[in-house]
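Notes follow the structure.
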Amino acid sequence: QVQLVESGGGLVQPGGSLRLSCAPSGTIFSIYRMGWYRQAPGKQRELVATITNGDNTNYADSVKGRFTISRDNAKNTVYLQMNSLKPEDTAVYYCNIVSIVQTYWGQGTQVTVSS
């Protein structure tokens, strides 16, 4: 069973930056969308950003202009560059990969924005 391996989370001060990465442990065929979601304590999981196999991107309004999603098709890897981080960005961030036959979720990586 292919698993998604996330990295790059941590503790950062307000205004700082982090870069999240997500790569599958094996090959996933026919991917058509990759993305990041987040879940803060006491809240529902919400979309952060997605990117399709045609490189069309979609962002939550709260992160537009601060976060950038990108992908490396050769490695089936998706990235999330997060700049100008705010305390309200604190959450567990989950990677998501959707293929024509299955949806995959990562285990989550904690991002904490605090002084």
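Between LYS43 and GLN102, what is the label-to-label distance in nm when each label sits 7 Å out along the Cα-to-Cβ direction?
In this crude label model, LYS43 to GLN102 measures out at 3.1 nm.
Under a point spin-label approximation (7 Å from Cα along Cα-to-Cβ), what is the LEU11-LYS75 distance to one decimal in nm?
Here the modelled spin labels are 2.8 nm apart.
Using the Karplus curve 6.51 cos²θ - 1.76 cosθ + 1.60 with θ = phi - 60°, work out ³J(HN,Hα) for each residue of the stretch 21-34 in order, rounded to whole Hz, and write x for Gly and Pro.
Going residue by residue, I get 10, 8, 9, x, 6, x, 7, 10, 9, 6, 6, 10, 7, 10 Hz, with x marking Gly and Pro.
If you look at just the Cα atoms of the chain, how large are its Rg and its Dmax in Å?
Here Rg and the maximum Cα pair distance are 13.5, 43 Å.
Taking amide H atoms as placed 1.01 Å from N in the peptide plane, list the residues 5 or more away in sequence, or in a different chain, whose amide H sits under 5 Å from that of LEU85.
Placed amide hydrogens put GLY15, GLY16 under 5 Å from LEU85.
So, counting K/R as plus one and D/E as minus one, what does the shell of residues with Cβ under 11 Å around TYR94 add up to?
Taking every Cβ under 11 Å from that of TYR94, the sum is 0.
Give me the distance in nm between label points sitting 7 Å out from Cα along the Cα-to-Cβ direction at THR112 and THR57, one decimal.
2.9
Readers should treat all values here as calculations from the given coordinates under stated rules, not as data from a laboratory. This one's a predicted model, so the numbers in the text were calculated from it and none came from an experiment. When we count neighbours, we look across all protein chains shown, and the Cβ atoms used for this are built from the backbone with ideal geometry, even at glycine.
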